[in-house]
Amino acid sequence: MKTVYHKADSRGHADHGWLNSYHTFSFASYQNRERSNFGVLRVLNDDTVSQGMGFGTHPHKNMEIISIPLEGNLEHKDSMGTTAVIRKGEIQVMSAGTGVMHSEYNQNKDEAVKFLQIWVFPREENVEPRYDQKSIKDGEKINGFQQILSPNKNDDGVWIHQDAWFNLANFTKGNGKNYTINKKGNGVYAFVLKGSAKVGDRILNEKDGLGIWDTQSFNIEAVEDTEILLMEVPMDLPAYLK
């Protein structure tokens, strides 16, 4: 088993007033050669958007973009004609493919929005752009893994153009479970949303991250009540990026 550990306070940070963002991997003004990506996981941003503020219309291309609200709700508009609001308990995916424009705003006047912005390189270029969102609230599992994303259209959660599986792991103190890799050659980036847990041989606290690869499985055990996002992705970049 190989691992890479990213402590919460080692992340890049940008405070724009309206946006407070922590970058696990290189993004915008935060550039770190040793933290460009984890396999095809390119961006993991922990964003807080102030009341009435947001991201103006901007372009994306050839990227699978996933948003997971942690608090509040966020309005999405795009060039495909989509207008939607994503809330805590939901997951959003946008396949940018050949190109798409979109904006995201916090329409709330009395609370900030906190959400994870995640980018994954697709397995192929120039797919047809698409948008989807689903509720994941009803599928929550205590002391188990809840799949919220996969490569398969008929699976639980949303799907993307990549051999990736995302799970939410919710464990009460003292409980745990073994996670088994879905596809040979994949690794898992574990990101603690709340609490603390032992992942493999490492104790992780809130907003710590741990990348794990070259293994078929690893164990998670909660030190306290814990919520973890597990992002399983291919470790090899697609051919068009090589």
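Can you compute the equivalent ellipsoid semi-axes for region 180-232, i.e. the square root of 5 times each eigenvalue of the Cα gyration tensor, sorted largest first and rounded to whole Å?
After scaling each eigenvalue by five and taking roots: 20, 10, 8 Å.
Could you give the C-alpha radius of gyration of region 1-49 expressed as a fraction of 2.2 N^0.38 Å, taking N as the number of residues it contains?
1.18
Round to the nearest 10 and report in Å² the accessible area of SER36, as given by a 1.4 Å probe over the protein chains' heavy atoms.
Roughly 40 Å² of SER36 is accessible to a 1.4 Å probe.
So, with a 1.4 angstrom probe, what is the percent of accessible area on region 1-138 that is carbon and sulfur?
44
Taking the chain as a Gaussian network, Cα atoms linked when under 10 Å apart, which of ALA28, ALA197, ALA222 shows the biggest mean-square fluctuation?
Per the Cα network of the chain with a 10 Å cutoff, ALA28 tops the list.
What accessible area per residue, rounded to a whole number of Å², is obtained for region 139-242 using a probe radius of 1.4 Å?
Per-residue accessible area for region 139-242 comes out at 45 Å².
Could you calculate the FRET efficiency of SER36 with ASP138 from 1/(1 + (r/R0)^6), where r is the beta carbon distance between them and R0 is 45 Å, rounded to 0.05?
That pair, SER36 with ASP138, gives E of 0.80.
Rolling a 1.4 angstrom probe over the protein heavy atoms, how many square angstrom per residue are accessible across region 1-131?
45
Can you give the extra length, in nm with one decimal, that the chain gains between THR172 and SER10 once fully stretched, where that is 0.36 nm per residue apart less the Cα-Cα distance?
Here the segment from THR172 to SER10 would lengthen by 55.6 nm.
Which of SER50, SER21, THR3 sits closest to the plus end of the dipole of region 1-82, meaning its Cα is farthest towards the positive end, when Lys and Arg get +1 and Asp and Glu get -1 on the C-beta?
Result: THR3.
The values are calculated or read from the model by the stated rules, or taken from the named source; none is laboratory data. As the structure is a computational prediction, the values presented were derived from the model and not from experiment. Ideal geometry is used to build each Cβ from the backbone, glycine not excepted, and the neighbour counts take in all protein chains shown. With ligands, DNA and RNA removed, areas are computed over all heavy atoms of the protein, side chains included. Shrake-Rupley method; radii C 1.70, N 1.55, O 1.52, S 1.80 Å.
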